[in-house]
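S.K.: I'd like to ask some things about the structure below.
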Amino acid sequence: MKRVLFLAVIVSFAAISSKAQGYTVFGESFKPGNSLVNVNDLTEEMKDMTVEVKGEVVEVCQVKGCWMKIKMDNGETMRVTFKDYGFFMPKDLAGNSIIFKGVPTVATTSVEDLQHYAKDAGRSDAEVAQITQPKVEMTFEATGVLVPAAF
């Protein structure tokens, strides 16, 4: 029974993470193309279009790895989630440059969701309580993420 369970875990992990082109692939595998843009070059005109983006991870959900925040030049971050909750990121990925593919969207994040994300990030109850306004921001739903294999 243990051997079958162990094999199922290996097969399950292989379906969400693999090696390709010097990267560990999470989700859908892809080759970065000529249309690769820096996270700071995303515009509202690109919303709802599939794009490939390069950026630096500054934070990852510490509960499951089910979201990450990407650094922006303006001091803000962009939240990246994963299509159909189908894969997760390593919790210690912060500080690494990655490439991700998917769809940016301009969305209003509710106070409840912002507080939930703050709890996932390990913020104190006092910090969570200070979140009292929704936030209009660019978010991103990734179908695939390439993490340098050296990570």
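Here, each number is a calculation from the coordinates, and none is a lab measurement. Because the structure is predicted, anything quoted here is derived from the model rather than measured. Cβ atoms come from the backbone with ideal geometry, glycine included; neighbour counts cover every protein chain shown.
S.K.: I'd like the full set of residues that are surrounded by fewer than 18 Cβ atoms within 10 Å (Cβ to Cβ), outside any loop (DSSP other than H, G, I, E, B) and aliphatic (A, V, I, L, M), limited to the range 26-50.
M.R.: Correct list: 37, 46.
S.K.: Going through the range 132-151 one residue at a time, which ones are farther than 23 Å from residue 114 by Cβ, surrounded by fewer than 16 Cβ atoms within 10 Å (Cβ to Cβ), in contact with a strand residue (DSSP E or B) (Cβ under 9 Å, 6 or more places away or on another chain) and among the hydrophobic types (A, V, I, L, M, F, W, C)?
M.R.: Matches in the range 132-151: 149, 151.
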